[in-house]
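This report refers to the structure that appears directly beneath it.
What follows is calculated from the coordinates using simple rules that are stated; it is not laboratory data. Nothing here was measured: the structure is a model prediction, and the numbers come from that model. Note that each Cβ is placed from the backbone with ideal geometry, even for glycine, and that neighbours are counted across all protein chains shown.
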Amino acid sequence: MIKISRIVDNNVDNNVTYEIYINNILLDKLENGECKSFRLKTGENYKMVIKNKDKVSNEIIFNMDSDQVIEFECGPIYGKTFFSNFSKNKKYVNHRIKLVIAKDFHL
């Protein structure tokens, strides 16, 4: 089983829907602060990314064992660019999505 949690963001992404893609197929959508669980077929390799209207997260490749639970977290990250030096809201510039494995354990 996998669990995906979207970190609450009250700045930029609060009203943007994230889409969960596994092996290039839309699995489901994730709203701000939402958490969802999915059962996946064991013994297979999976590639997961999170997308919104114009951004794509990093790609995570994983496989599932029969008694495995993998918890993922996703949310925005903010970086500095040349133009952010002139912006009053530096943390809003160069907005991207980050996907990480939060926990990986066996029952």
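Summing charges over all other residues whose Cβ lies under 13 Å from the Cβ of Glu31, with Lys and Arg as +1 and Asp and Glu as -1, gives -2. Other residues whose C-beta falls under 9 angstrom from the C-beta of Lys3 contribute a net charge of +1, scoring Lys and Arg +1 and Asp and Glu -1.
Listed from fewest to most Cβ neighbours within 10 Å, the set Tyr18, Tyr46 follows the order Tyr46, Tyr18.
Site pair Thr42 and Ile7 shows an inter-label distance of 3.2 nm when each label is modelled 7 Å from Cα along Cα→Cβ. Taking label points 7 Å from Cα along the Cα-to-Cβ direction, Thr17 and Glu59 give a separation of 2.5 nm. The mean sequence separation of alpha-carbon pairs under 8 Å and at least six residues apart, normalised by the residue count of segment 3-46, gives a relative contact order of 44 percent.
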